[in-house]
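The values are calculated or read from the model by the stated rules, or taken from the named source; none is laboratory data. Please read all numbers here as calculations on a predicted model, not as lab measurements. Neighbour counts are summed over all protein chains in view; Cβ atoms, including those assigned to glycine, are modelled from backbone coordinates with ideal geometry. Surface areas here come from the heavy atoms of the whole protein model, side chains and all, with no ligands, DNA or RNA. Shrake-Rupley method; radii C 1.70, N 1.55, O 1.52, S 1.80 Å.
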Amino acid sequence: MSVLIASFYFFYFALIGVHVIFVPKILSMVGYAPAAIGVIFASAPLVRFAIPFLFLRGFKLSQKTFFFALILMGLGAAGFYPALEHFWPLLMANILFGIGLALILPYIEVIALEQIGKERYGKIRLFGSFGFIAIALVLVKYLSTPYVGIVFLIVMALLTMFFGALIGWRERHSPSDECGASHEECRFSIRNHIPLWIGFFLMQVSFGPFYNFFTIYTTDHGVSLDTTVWLWSFGVIAEIIMFYFQGKLLRRNLHALLWITAFITTLRWFLVALFPNSLVVLFASQSLHAFSFALFHTAAISVLFSLYKARRLSQQFFFGISYGLGGFVGALGAGVVYQYAPAYLFIAGAIAALGATLAFLMNNR
C-alpha cells in the first residue's frame, strides 16, 4: 500500500503543480485580467469549504463517494481544454475540478496516517513533492502554447485517477463508519478549538498571493519564467528535505509547531514583498517553504488526528476551512490587491500569516 500511496501523491501533486504554477500564467497569456484570474481560482476553494458541511448531515466519505470524486476531478480537468478562452465555462470546469480535489485528498490522508503513522508520513508524502518539482521542470520546457499546459493538466489528472482508484479498490472492505459504535465520541465540533481553526483559515489566506500570483508577480518584476520555475522547485526541494527529516520534530509540542511555522511564514512573505527583484532573497524565502508548508501541514493534520475521533471528518473540515474558505478569500483578495495595489500583494499575505500566528498562540495557552 505504501507504494500505491507514494505513487498517488506523486501524480496528485504533479497535477497541483500544473494548476498552481502554470494555469494562472496560462490564463494571463490568454488575456484574463488579475481580478478574473482571482475569481476563477477562488471558485474551487469556495466549493471545498461548503462540501464538509454535507458530512454533518449524514453524507459519508465512503469508497463510493471517493470514486465519484475521482471522476468529477477528471471531468473538471478535461473541461479546461474546450473552456479555456470562455470565462463562465472555465469557471464551471474549475468548480468540478475543485469538488473532486476536496474529497480525494482527505480520504487518502487518513489512510496514510493510519497505515504509515505521523513519523513516517513525511517519507511517503515527499513523493508528492517530487511530482510537483518534476512537472515544473518538464512543463516549462514545453509550454509553447496555453493548450500544451492544459494537456499536461489532463494527463496528470488521469494518472491521479488511476492510482487513486487502485487505493480505493484496496480499501473497499474498510468500514464506512470510522467511529464505530460510540457516536457520542465522534461528535464533531470546532467550537472547543476556535482559535485553532481561525489559524488554519488565516494561514491559507496568507498563501493566496503565493499560490495564485507568484509566477505572475515574479515575471512582472523581471524574473524569467525559467528562473521562476526554479524558485518553485527550490521551495519544493526544501519541502522534501523537511518531510524526510521532520519525524523527530513531530515528537515535540505539535501546537507550538503551528505558531512557530506561521511566524516563519510571516517573515517569508515580508521578504518577498520587500525584495521582489532580488534572486538571493527570493531563493531564501523559498527555502522557508520547508516550515510554512511541509512542517506546518504535517503538524496540522497530526493535531487533528489526535484531537478528533471522527478523523476523516476532521480532515475534511481542515481542507474545507483552510484550503477551502481560506483559499477562496486568499485567491479573491489577492486578485483584487494585485489589480489595484500590486506593491502590497505579499504585505497582505504577511498580515494574514501574522494573524494565524496569534491565533495559534491563543490556542496553545
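Quick notes on this structure:
- With a Förster radius of 41 Å applied to the beta-carbon distance between Arg191 and Tyr142, the computed FRET efficiency rounds to 0.25.
- Efficiency of FRET from Cβ geometry, Lys123 and Lys64, R₀ 30 Å, rounded to 0.05: 0.45
- With at most 14 other Cβ atoms within 10 Å, longest stretch of the chain clear of loop GluC sites (Glu not before Pro) (DSSP): 186-365
- Overall form of segment 243-343 per C-alpha gyration tensor (a/c, 1.5; a/b vs b/c): oblate
- Where the Cα pairs of segment 1-71 fall when distances are cut into 5 Å bins, in %: 3, 12, 13, 20, 17, 16, 11, 6, 1
- Set of lysines with alpha-carbon distance to Lys25 below 24 Å, sequence-local pairs under 8 removed: Lys141
- In a simple Cβ point-charge model (Lys, Arg +1; Asp, Glu -1; nothing else charged), the chain has a dipole of about 740 debye relative to its Cα centre.
- Value of [θ]222 nm, deg cm²/dmol, for the chain, DSSP H segments ≥ 4, -39500 (n - 2.57) each, nearest 500: -25000 deg cm²/dmol
- Reciprocal of mean inverse Cα separation for the chain (Kirkwood radius, Å): 20.3
- Sparsely packed loop sites in segment 220-286 (the trypsin sites (Lys or Arg not before Pro) outside DSSP H, G, I, E and B with at most 16 other Cβ atoms within 10 Å) comprise Lys248, Arg252.
- Cleavage-rule hits (chymotrypsin sites (Phe, Trp or Tyr not before Pro)) in segment 242-351: DSSP loop, at most 14 neighbouring Cβ within 10 angstrom: none
- Between Ala256 and Val30, full extension at 0.36 nm per residue minus the direct alpha carbon distance yields a gain of 77.0 nm.
- Computed 3J(HN,Hα) for segment 350-355, one whole-Hz value per residue from the Karplus formula 6.51 cos²θ - 1.76 cosθ + 1.60 where θ = phi - 60°, is 5, 5, 5, 5, 5, x, glycine and proline marked x.
- Its alpha carbons give segment 37-111 an Rg and a Dmax of 12.8, 39 Å.
- Shape class of segment 278-328 from the Cα gyration tensor (axes a ≥ b ≥ c, square roots of the eigenvalues): oblate, since a/c reaches 1.5 or more and a/b does not exceed b/c.
- Portion, in percent, of the accessible area of the chain that falls on carbon or sulfur, probe 1.4 Å: 69
- With an a/c value of 1.5 or above and a/b not larger than b/c for the gyration tensor axes a ≥ b ≥ c computed over the alpha-carbon atoms, segment 187-254 is described as oblate.
- Each residue of segment 88-128 gets 60 Å³ once the volume of the Cα convex hull is shared out per residue.
- Centre-to-centre, using Cα atoms only, segment 75-90 and segment 272-326 are separated by 28 Å.
- For a modelled paramagnetic label at Phe275, 7 Å from Cα along Cα-to-Cβ, the residues of segment 284-310 in reach, with backbone nitrogen under 11 Å, are 284-286.
- In segment 1-67, trypsin sites (Lys or Arg not before Pro) in a DSSP loop with at most 10 other beta-carbon atoms within 10 Å: Arg57
- For Lys248, a cut-off of 25 angstrom between C-alpha atoms picks up these lysines, skipping any fewer than 8 places away in its own chain: Lys118, Lys123, Lys309.
- At a probe radius of 1.4 angstrom, the accessible area of the chain per residue rounds to 40 square angstrom.
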